[in-house]
Each structure stands twice: as C-alpha cells, then as structure tokens.
Amino acid sequence: MLLLTGFAFNTFAQAPAFEMDMGTQVQWQRMTQFGSFIVGTPKGVKGVDPETGKVLWTTHEKYGNIPEDRVELIENSPFIALTAGTQENEDLAIIESFDGTVVFSSRDAGLQKVVSRYFLYQSGKILVLGTGVGSKTPSIHMVDMGTGKKVWSKESDFGIVTACKDLGNDEFLALTAFFVYRINAKTGDVVWKKPVDPKMDKMSGFMGMLDKGGAFFDGKQITAAIVTTPKKEGTVFIAVQAEKSKESTDSKGQKTVTKFFERNYMAFDINNGNTVWPALVNLPGKMGILVADEKGLVVSQGDGNDMNCLDYTTGKGLWGKKGNGISVKGGPLQGTAYIGSDLVIASGEKNNYIDILNTSTGESKLAKPVKVDGMVKYIEVIPAGILFATNEEVNIINQTTGEKVIAKSFKASDGLVTEMNGKKYVFNLKDNLLYEVDPSNGTAKALNTAPVEFQGKEDATRAEAVADGVVISSDQNIALIDYKGSVKFTKYFAAPRESGLKRALLYANAVYGAYATMVYGMSSAAFGAVSQSIQVKNSNDKLAKDVTGAVSNVYGDASKSAMGFTGKMLAAANKRFKATQGTNDYMYIMTEVAKKQYALVRVSKKTGETLSTIDLAKDKTPIYEIDGVENRVFYLYKDNVIRGYKF
C-alpha cells in the first residue's frame, strides 16, 4: 500500500498552467469531446480557452444558473443543449461550443415545450418538434443552423414525427405514425406524402386527422426508423412500432384488455414516394436491430427471438421455412457484426449466445450457437478463430466447429484484453494472472506465477500493453507485469470516502475510452463491419497515418455539413484522436492522502510512483474536470477561480 506523506505530497505538488478569475461564481465545468471547455455561471455559460483560461465567449445572462443536469453535450457534434426555465415554460437553447453561437432558442421560436429535435447537418438546419405557447397541438419548426433564425413552421400540419432522415439536397424524409413525407427543408413544401400502409390510402384524410393531433397516441410507445442504404439506391425503408390492445370477454362476462406490440415495415421509391413492396410487412413484437445486408433488410424482434431478412425488392422474407424467419437462441438480438459476408449475431438476455449466419439463408455456419457468459462487447478475427470478449468472459471460437478453443474461458471483460507485437494478453480475474495468447493457434500461457492482488476490494478493470509490459489497473490500484512474467510493482492509493469525489474522474475515463474505441471503429469500417454494440477488429488492417477520413466516417452526417463548424470539428477530432494513439505514460487517481485530505495524483505507469499531485485540501465536493485526451485538469480552486493544469 502506498502512503503519501505530507512531505511527499508537497514535493510532488503540480504548479497550475494558469489561474483565472471568471469574475463570477463557477457552478459546473464540462469538457466536450472536441476539446472545448465550458463552465456554467449565474451570468451565463462561458467558453474558456483550455490552454490559457481566457474566456472566449459568454452566452446571454438568461442562460445563467442552469443546473448541470440540464446541460447535454449532443453526441458526435459540437453542440450543447441548455434547458432553462421551468418544465411548464422551458427554454431549450442549442449552442455551438467553438464560438458560443446560439443556433436555436425554443423561446425565440415561440415554443413552450420541445418534444424532440433532429439535426439536418447536410442541409444546415435543425428540425424542432414541440408545442407553441398555450397550445397542446404538436407543431414543427425548421431553424437555420447558421443564424438560429426560424426558416418556417407548420402548425398542426404534421403529427408526431418519430424519425427523420436528411437527404443532403435541402430535402429530408419525415416519418409519423401513419405517413412518410419527403419535404423541402428550405420552404417546408411537401414533395410527396404517402401512407405507411398503402391499404389506408383511401382513408388518408381520416388517418391524417389522427396523425395531426397526436392525442390518439397518448400513453402509447411508438418507435420508428428510416433506413437508406447504398446497397439499394433509390429506395427508402421505414419501420414503425406501435402498442396496441385487444379486449376479450370470458364466459362470465369479465372483460380483459391485453396490450401487445407490432412492427410494420415498408419500402418506398425515394423520388416519387411510390411503394416498392406490394404490401406492408407486419410482424409481431417490438422493434429490434435493423441491418442493411447485401441480400436485404435484416430485422429482429426486440422482445423475442424472431429474426428475418426482407428482400429489398419484394419485402418477402428470405430466411426460414416459407420465408417466415428464424428463431435465434437465447432471446432478443443484442448486437451484430460482419465477418466477410457472414453476419455475426449476439443474442440473449439471461442466456447469451454468439452465432454466425449465412445471410443468403439465415442458416448457422456453426454446428450450434456458442453459449457465452455476459453481453458481447468485442470480436476480432484471428488465425485461431474469433476472439470474443463479453463483460464477463474472454475466449476464441473455432469458426468451423463452433467450439471454444481455450478449455477454460478467462473470467475477464473487453477492457482486460490488450495486444503488443502481434500477441494478445488477457488478465484473468479468476486467478489474477496475466495470460499471453498466441493468435495463430489460440494457446494460452500464464506469464506471472504470483497473483496480482488489488486492495480496497477492487477487481482489475483495464489492461494496457506498453513497452515495459502490461499495465493492470482499477480506480485505486495499478500494477505492471513485464513480458517475462515479473510483477514489477503493485500500488494502491486509498480511496476517498466521499462518493462524489470521483465523478469527474470516471466521466473523463469514459470520454477517453470513447476516443480509444475509435481505433476499432476505423478498422471495422475498413473491414466492412458495422454494428450497434459490438466492436469488431481485423488484425490484418493497418491504421492510416492520416485519420481525417476515418474520423469523418465516425462523426457521420455532422462531418458532411457545409456549415462553418465542420472544419473546426474535424480538426479538433483529428487532433484529439491522434493524441489517443500514443500511449499515456501515466494515469489519474483520486485518493485520500491524509485524514480528510484529498488529492488528484498523477501516477507513472512505468514505476507506479506519484509524479505530481493536485491538492484538493479538505474539499469534500471538489468541482474539477479532467481531459484525459490532451492531459489537462481543471479545478475550481475558489468559488470563481479556476486553476488549469497541463501534463
């Protein structure tokens, strides 16, 4: 156990890179995924230069005193959503984090309540759904992303928009409960409007009345999706889920209402809205995962075992007896990935399985599905088979037999798998030993003989291969095992007894992990593997030195926008992603250095020694933010003074 004495604590004290008075109380701090540093104050939200502490921009004072839980960093974009006011009369503001431009204000748009929003990056607009002041009827508003001004609005012309797709030509597709629309983003003019079910075409007026008000769906759960794919150009596929009920009367006259879900799928010609399939495809159950395969649209049941592939041209099922689909083992589909043209599926809830499907027939390519412990998080194709990691187990599947190559699976998670010079390393929580796995044949051998025991009742959560060996760590523990099996050190830092102390540290680790995971996302894109929840890696892929194109792919539509923020966003993402490709030589740990004396310590991964500390004194609820990507720490030293540290 490593104890930091007062002398050592002072010796390693880190000097701040800057100390900046914000001129008002700082209530919260957030670092965006693109490296913008944002602080909340009573006088508005401020954008701060992370290098100097200089205030770059400040919002209007009406966005002051916003609680941190009403601040949303909009995923994969440079935008921040702030919700001011009360639930009865709220003001949703969307701010561009690079320069503080307010690109949307619901109050300025005349909305009392915002229900949902869709970013049409390629068209440079935001579609906002809500209700006007004093109105209960849904309305939609189109806002210019560059100016924040309302372009047009339609009161009661649409129902509840459940899905939206930017077509990239100043037009977009919108889906409601009963209709699919193609709309001009500049004017709001409807290019075409078609009922989801072609049988209801003659009743479109009546259905439109239901669609407009939305009252018909009060209390109902509706989930929807719009899919376009280069595998079937010129066609748009829609999926709508609805909750329904059926009333039955028993022999005693007792009435029972049974609720159930159903899924509806349809294909339309994207140019004129004509239906491509002869009829709506209706399937029971909640919507599950949708995958655009070469053969057709793969659909699954979210609350059951059903799975099928719908032919792009006819909508007919291609899998199972008479095209009625297949039943996957274990339960609902949880994730998918591709290995070549074969579809890897992970299914189950309590009992989880991995299977490999021939997408022409839906038949398994394994002798039987492979039962695994936990949810599948990672798959990699290696010569020995398919290396997989769940949140509980790591092993290799023989692609021919479906058997597990390693006799006894490692008790580990995807975070405990790492590699160096073509060899795989797994830290096994069952015996606390580090194993070296030969990718060519799947043989595994323990490197160390003495188990690595962590203190504080913690299990290892991360393994990271570095030049000197494999670093094993958790929140408060760190150890290094060299490639000959020697345990070079094991260090423990006493955990703070105040639970709130580690919040920002855990958040920072999650942000860093998201960037590091992009490595696998890039390989997946090159490998033709795109999945909802499984990271897929091909060990033969080489990462390009210039990652701009790959970063652009990761950020999707936002990276294709013609707006001014795009260049800044991609430059920041590229810079920060490259920073994660170089291994950090240290990690941050929050610890109690003396009784009720707290510090954020920077610990060497090479030696386990403390390199520097940031003194938090007796601050039980410190406000601090860590940027683990570019190695910065921001600490609210006093009510209005921020200290910035750079390592």
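Can you sort H141, H60 so the residue with the fewest Cβ neighbours within 10 Å comes first?
H60, H141
Identify all aspartates and glutamates with a Cα-Cα distance to K255 below 12 Å; exclude those on the same chain that are fewer than 8 residues away in sequence.
E247
Rounded if a/c is under 1.5, else prolate if a/b is larger than b/c, else oblate: which is the stretch 308-395, with a ≥ b ≥ c the root eigenvalues of its Cα gyration tensor?
Since a/c reaches 1.5 and a/b is larger than b/c, the shape of the stretch 308-395 is classed as prolate.
Taking the alpha-carbon distance from K244 and a cut-off under 20 Å, which aspartates and glutamates remain once sequence neighbours fewer than 8 residues away in the same chain are dropped?
Cα-Cα hits under 20 Å: D197, D211, D218, E262, D303, D306.
Would you be so kind as to identify which of A242, N271, T258 lies farthest towards the positive end of the dipole of the stretch 233-276, taking Lys and Arg as +1 and Asp and Glu as -1 on Cβ and the Cα centre as origin?
Working it through, the farthest residue towards the positive pole turns out to be T258.
Apply the Karplus curve 6.51 cos²θ - 1.76 cosθ + 1.60, θ = phi - 60°, to the phi angles in the stretch 135-140 and return the couplings in whole Hz, x for Gly and Pro.
Couplings: 10, 10, 8, x, 9, 10 Hz.
Shape call for the stretch 245-361 from the C-alpha gyration tensor, a ≥ b ≥ c root eigenvalues: rounded (a/c under 1.5), prolate (a/b greater than b/c) or oblate?
The shape class here is oblate.
For the residues F18, F427, F34, what sequence is obtained by ranking on other C-beta atoms within 10 Å, fewest first?
With the fewest neighbours first, F18, F427, F34 line up as F18, F34, F427.
Any of K404/K424; K408/K457; K46/K113; K484/K595; K232/K350 with alpha carbons more than 28 Å apart? Name them for me.
Check vs 28 Å cut-off fails for K484/K595; K232/K350.
Please work out whether the stretch 375-418 counts as rounded, prolate or oblate from its C-alpha gyration tensor, where a ≥ b ≥ c are the square roots of the eigenvalues and a/c under 1.5 means rounded, while otherwise a/b larger than b/c means prolate and anything else oblate?
Since a/c reaches 1.5 and a/b is larger than b/c, the shape of the stretch 375-418 is classed as prolate.
When the dipole is taken about the Cα centre of the stretch 245-361, and only Lys, Arg (+1) and Asp, Glu (-1) are charged at their Cβ, what size is it in debye, to the nearest 20?
So the magnitude is around 480 debye.
Mind giving me the nanometre distance, one decimal, between the label points for Q25 and A571, set 7 Å out from Cα along Cα→Cβ?
Result: 3.7 nm between the two label points.
What order do you get for V452, V45 when you list them from fewest to most C-beta neighbours inside 10 Å?
So the ranking, lowest neighbour count to highest, is V452, V45.
Just so you know, all these numbers are worked out from the coordinates, no wet-lab data involved. Worth saying up front: this structure is predicted, and the values here are computed from it rather than measured. Cβ atoms come from the backbone with ideal geometry, glycine included; neighbour counts cover every protein chain shown.
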